[in-house]
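Note sheet for the following structure.
The values are calculated or read from the model by the stated rules, or taken from the named source; none is laboratory data. The structure presented is a predicted model; accordingly, all values stated were derived computationally and were not measured. Cβ placement follows ideal geometry from the backbone for every residue including glycine, while neighbour counts extend to all protein chains displayed. Surface areas here come from the heavy atoms of the whole protein model, side chains and all, with no ligands, DNA or RNA. Shrake-Rupley method; radii C 1.70, N 1.55, O 1.52, S 1.80 Å.
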Amino acid sequence: MDTDASGFTSRREDPAKDGGIPDLSRQEARLWFYYRATRYIDCGYEALHMGQVHLYTANDKGMAKTTELFGMIREYAKIHGRRHKILLDAHTHGVNIRGKLLFDYHAMPFTRMPLLEVPGEELVLVREGYSEGGENPNGWSAKTMPYLMEYDNWGGLVVDDRKNIPREELAWRDWSGYDQIAWFANQPEKGRNHFLEYTYKWTEINNPNAYFELPFRRMIHNAEVSMKRADNGQMDAQDFYQINTKSAACPMGFDQEETAKRLWATGHTLREKAANPEMLIRYGAENVCDEETGMKLPEKIVVYGSFQSHVGAVKNDSNSELTRMYYIGDNTYTLSVVIPFAGTYDYSISTYGTLSATYQADGYPRSGSSNKAYFTTRKDNTVVRFRYQFISNKVTIEMFE
């Protein structure tokens with residue numbers, strides 16, 4: 001990576017853009033980070049987001065200099081911080097160095113798949129995300145650290161000719177030609193409220209350590225939204241998203257404030273009822289046998305059917321990793337998903353990811369992809385929990401609205 005004397009690398013992917021990527025192997029860059037961090041601490045800030053840590057530490061082998069820098073920032077906060085502490089996070093699944101974590105918690109954007117079966121620019125979130133565990137900088141330890149998930153921004157409108165690109169092609173260009181927050185801001189009000197609820201529920205069930213960072217105010221760059229002002233009734237262009245209810249005091253609000261309040265009022269009740277297991281990268285059932293018969297349990301159980309496209313998988317894919325079920329003990333596998341749109345969907349349970357023995361509610365084995373049962377969601381954004389029990393082959397479905 002090319003670095004100038006200031007400690008910043010050139011922006012190789014787009015030389016026309018201003019600025020560059022810091023290089024924390026350079027003392028100049030570390031001094032700048034330290035200065036900026038101490039200024040924020042002096043102003044009363046108690047948490048700092050350290051951005052794309054894996055980019056600006058590319059030349060810092062093992063993040064040794066970065067670890068030293070962050071230690072200096074924490075030491076400064078011990079003396080000058082409002083509560084003598086600073087919390088640090090970054091865009092990362094975690095940095096663990098000899099059992100000790102570099103960050104207090106972690107942060108990452110969402111991943112999406114287009115939902116082309118539904119008109120418009122609808123998309124669904126893909127089940128992913130993991131937060132590294134170890135010894136927290138505050139001295140406590142856990143297998144998985146808390147982490148935030150967000151609607152990220154990186155350029156607003158990322159294609160210049162959205163209207164001239166076929167819908168199926170545009171759907172695969174980032175978020176239909178936008179970055180995440182710009183796509184969200186450019187949806188109609190009803191769509192924004194729907195997707196905000198969907199995201200909240202999706203985050204609640206897909207990892208009990210993840211938390212949805214609702215977008216209060218965020219830049220959308222050149223993806224301006226035209227709207228009528230609440231103070232004078234004139235049309236105007238808004239180049240940043242703000243969650244507030246539109247009013248004379250906030251004439252360019254996007255009207256998601258009441259939806260946010262309603263979602264927060266639910267707390268974590270849905271997480272307590274239907275969350276998937278903690279370790280998203282481990283499915284369980286390795287070398288587990290049925291106590292009565294001695295039969296080894298299958299490591300891979302997949303629920304598949306027409307609903308799969310609504311959770312980011314390929315429809316009717318009996319071998320999908322995205323709808324693979326988790327083993328939770330007592331011969332039982334489980335998977336919770338959010339179905340964004342009300343409707344009737346078919347499903348079946350595939351053992352070992354094959355179609356040689358599939359099961360529905362009656363527990364009788366069938367072969368082939370055409371044998372399925374059905375479930376119906378009455379409301380949008382309904383959580384559906386599938387459960388399958390080996391040997392008895394009992395299949396159950398629960399719904400949480």
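Based on the alpha-carbon gyration tensor of segment 226-366, what equivalent-ellipsoid semi-axes (square roots of 5 times the eigenvalues) come out, in whole Å, largest first?
Semi-axes (√(5λ), whole Å): 46, 18, 12.
Can you work out the FRET efficiency for the pair Cys250 and Ile391, with r the C-beta to C-beta distance and R0 = 45 Å, to the nearest 0.05?
In this case the efficiency is close to 0.15.
Choose one of Ala90, Phe212, Pro137: the residue whose Cα lies farthest towards the positive end of the charge dipole of the chain (beta-carbon charges +1 Lys, Arg; -1 Asp, Glu; about the Cα centre).
Pro137
Among residues other than Tyr364 whose Cβ falls under 15 Å from its Cβ, what is the net charge (Lys/Arg +1, Asp/Glu -1)?
After counting each charged neighbour, the total is +2.
Hey, with R₀ at 45 Å, roughly what FRET efficiency would Glu68 and Asn319 work out to, going by the Cβ-Cβ distance, to 0.05?
It comes out at approximately 0.45.
When only DSSP loop residues count, what trypsin sites (Lys or Arg not before Pro) in segment 366-401 have their Cβ near at most 11 other Cβ atoms within 10 Å?
In loop regions of segment 366-401 (DSSP not H, G, I, E or B), the sparsely surrounded trypsin sites (Lys or Arg not before Pro) are Arg378, Lys379.
Excluding residues on the same chain fewer than 8 positions from Lys100, give the lysines whose Cα lies under 23 Å from its Cα.
Lys61, Lys65, Lys78, Lys85, Lys143
To the nearest Å, what is the center-to-center distance of segment 208-282 and segment 112-153, using C-alpha atoms only?
17 Å
Work out how far the C-alpha atoms of segment 52-133 reach from end to end along every principal axis, then list the three figures in whole Å, largest first.
Principal-axis extents of the Cα atoms in segment 52-133, largest first: 56, 33, 22 Å.
Need one word for segment 220-284: rounded, prolate or oblate. Basis is the Cα gyration tensor (sqrt eigenvalues a ≥ b ≥ c); a/c below 1.5 gives rounded, then a/b vs b/c decides.
Cα axes put segment 220-284 in the oblate bin.
First select every other residue whose beta carbon is under 9 angstrom from the beta carbon of Asp236; then total the charges, Lys and Arg +1, Asp and Glu -1.
On the way: positive: Lys228, Arg229; negative: none.
Summing Lys and Arg as +1 and Asp and Glu as -1 gives +2.
Report in % the part of the accessible area of segment 209-283 that belongs to carbon and sulfur, leaving out ligands and nucleic acids; probe 1.4 Å.
Exposed carbon and sulfur together represent 50 percent of the surface.
Quote the charge dipole size of the chain about the Cα centre in Debye, to the nearest 20; the model charges only the Cβ of Lys and Arg (+1) and of Asp and Glu (-1).
Numbers: 47 positive and 54 negative charges, 119 e Å.
Here the size comes out at about 580 debye.
Please work out how much length the chain gains when fully extended from Glu117 to Ser141, using 0.36 nm per residue of separation minus the C-alpha to C-alpha distance, in nm with one decimal.
Here the segment from Glu117 to Ser141 would lengthen by 4.2 nm.
Let me know the charge dipole size of segment 196-281 about its Cα centre in debye, to the nearest 20, where only the beta-carbon of Lys, Arg (+1) and Asp, Glu (-1) is charged.
On the way: 10 positive and 12 negative charges, 28 e Å.
That gives segment 196-281 a dipole magnitude of about 140 debye.
Share of segment 23-90's accessible area from carbon and sulfur, percent, 1.4 Å?
That share works out to 54 percent.
Under 17 Å between alpha carbons, and skipping anything fewer than 8 positions from Lys190 in its own chain: which aspartates and glutamates qualify?
Partners found: Glu121, Glu122, Asp255, Glu257, Glu258, Asp380.
When ligands, DNA and RNA are left out and all protein chains stay put, how many square angstrom of accessible area per residue does segment 302-350 have with a 1.4 Å probe? Don't jump to the answer; show the numbers that get you there.
On the way: 1280 Å² over 49 residues.
Heavy-atom accessible area per residue stands at 26 Å².
Taking a probe of 1.4 Å, how large is the accessible area per residue of segment 22-137, in Å²?
It amounts to 49 Å² per residue over segment 22-137.
So how much slack lies between Asp231 and Ala342, counting 0.36 nm per residue of separation and subtracting their Cα-Cα distance, in nm?
Fully extending the segment from Asp231 to Ala342 adds 36.2 nm.
According to the Kirkwood expression over distinct Cα-Cα pairs, how big is the hydrodynamic radius of segment 97-243, in Å?
Answer for segment 97-243: a Kirkwood hydrodynamic radius of 17.1 Å.
What net charge is computed for the residues neighbouring Arg173, neighbours being all others with C-beta under 12 Å from the C-beta of Arg173, Lys and Arg scored +1, Asp and Glu -1?
For residues surrounding Arg173, the net value is -4.
So what is log10(I(q)/I(0)) for the chain at q = 0.06, 0.09, 0.10 1/Å, when the Debye sum runs over its Cα atoms only?
Treating every Cα as an identical point scatterer, log10 I(q)/I(0) equals -0.30, -0.67, -0.82.
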